[in-house]
1. Given the criteria closer than 22 Å to ARG11 by Cα, of a type in the set (D, E, K, R) and either within 22 Å of the chain's Cα centre (by Cα) or open to solvent by less than 50 Å² (accessible area, probe 1.4 Å) (or both), does ARG58 qualify?
2. Select from region 80-119 the residues that are in a helix (DSSP H, G or I) and farther than 20 Å from LEU68 by Cα and list them in ascending order.
3. Given (1) at positive phi; (2) exposed (fewer than 12 other Cβ atoms within 10 Å of the Cβ); (3) touching a residue at least 12 places away in the same chain (Cβ under 8 Å), where does GLY142 come up short, assuming only one miss?
4. Report every pair of residues separated by at least 6 positions or lying on different chains whose Cβ atoms are under 9 Å apart, first residue within region 59-71 and free of Cβ contacts under 8 Å to residues at least 24 places away in the same chain and on the phi < 0 side of the Ramachandran plot, second among the basic types (Lys, Arg) and surrounded by 13 or more Cβ atoms within 10 Å (Cβ to Cβ).
5. Exactly one of (1) under 30 Å from LEU126 (Cβ atoms); (2) free of Cβ contacts under 8 Å to residues at least 12 places away in the same chain is unmet by ALA113. Its number?
6. If the requirement is being over 20 Å from the mean Cα position of the chain (by Cα), over 30 Å from LEU134 (Cα atoms) and acidic (Asp, Glu), which of these qualifies: ASP92, ASP76, ASP45?
7. Return the residues of region 1-42 that are hydrophobic (A, V, I, L, M, F, W, C), at pLDDT below 90 and open to solvent by less than 50 Å² (accessible area, probe 1.4 Å); say none if nothing qualifies.
8. Identify, by number, the condition in (1) of a type in the set (Val, Ile, Thr); (2) in a helix (DSSP H, G or I); (3) open to solvent by 60 Å² or more (accessible area, probe 1.4 Å) that THR70 doesn't meet.
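The values are calculated or read from the model by the stated rules, or taken from the named source; none is laboratory data. Just so we're clear, the structure is a prediction, and the values are computed from it rather than from any experiment. Counting neighbours? That spans all protein chains shown, and the Cβs are built from the backbone with ideal geometry, glycine included. Calculation scope for accessible area: heavy atoms of the full protein, side chains included, ligands and nucleic acids excluded. Shrake-Rupley method; radii C 1.70, N 1.55, O 1.52, S 1.80 Å.
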Amino acid sequence: MERTNQAGNDRATPEEFAAWLREQLERRGYDLRPRGGGQTRFAADSGIGQASISRMLRAQGVPETRVLETLADTLDLPLAEVLVAAGILTRDVLQAIRQQGPRTDPLTPEAAAEELGITDPQKVELFVSMTETLRKQRAENGEGHIAEN
């Protein structure tokens, strides 16, 4: 798919998404020519409104995520592929998410504060204190083991 968006931005544009969707539908036998009935048939098959399908194919914005999820289900495609095609995710971000493994070391309250962007020393101290209080309450209430990641 040829990129037509600004340099340095590898997110798909609405035009690229429209071309991708058109290709996906035609590949599955939906006739998208005028009076071909493909949009109407796909609307019935997917449960997505015909007006929404028309807007997507005319590159008039990107639909809500729930519509993209329905597209993925109806087209029998991974949702991640549809999110990349729609420009919601970039391939780089998707790859980073896929490569991210589970945490092997316990997350400390201090590390959690850092990951959340809490940098003020007093706020970090308050966050750590609150976390420890919640841990103690959980232990006293017998709510099982504390998650370590």
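1. On the way: closer than 22 Å to ARG11 by Cα: yes; of a type in the set (D, E, K, R): yes; either within 22 Å of the chain's Cα centre (by Cα) or open to solvent by less than 50 Å² (accessible area, probe 1.4 Å) (or both): no.
No; evaluated as a whole, the condition is false for this residue.
2. ALA96, GLN99, PRO109, GLU110, ALA111, ALA112, ALA113, GLU114, GLU115
3. Of everything listed in (1) at positive phi; (2) exposed (fewer than 12 other Cβ atoms within 10 Å of the Cβ); (3) touching a residue at least 12 places away in the same chain (Cβ under 8 Å), GLY142 misses just condition (3).
4. Correct list of pairs: PRO63/ARG55.
5. (2)
6. The match here is ASP45.
7. The one that is hydrophobic (A, V, I, L, M, F, W, C), at pLDDT below 90 and open to solvent by less than 50 Å² (accessible area, probe 1.4 Å): ALA12.
8. Unmet condition: (3).
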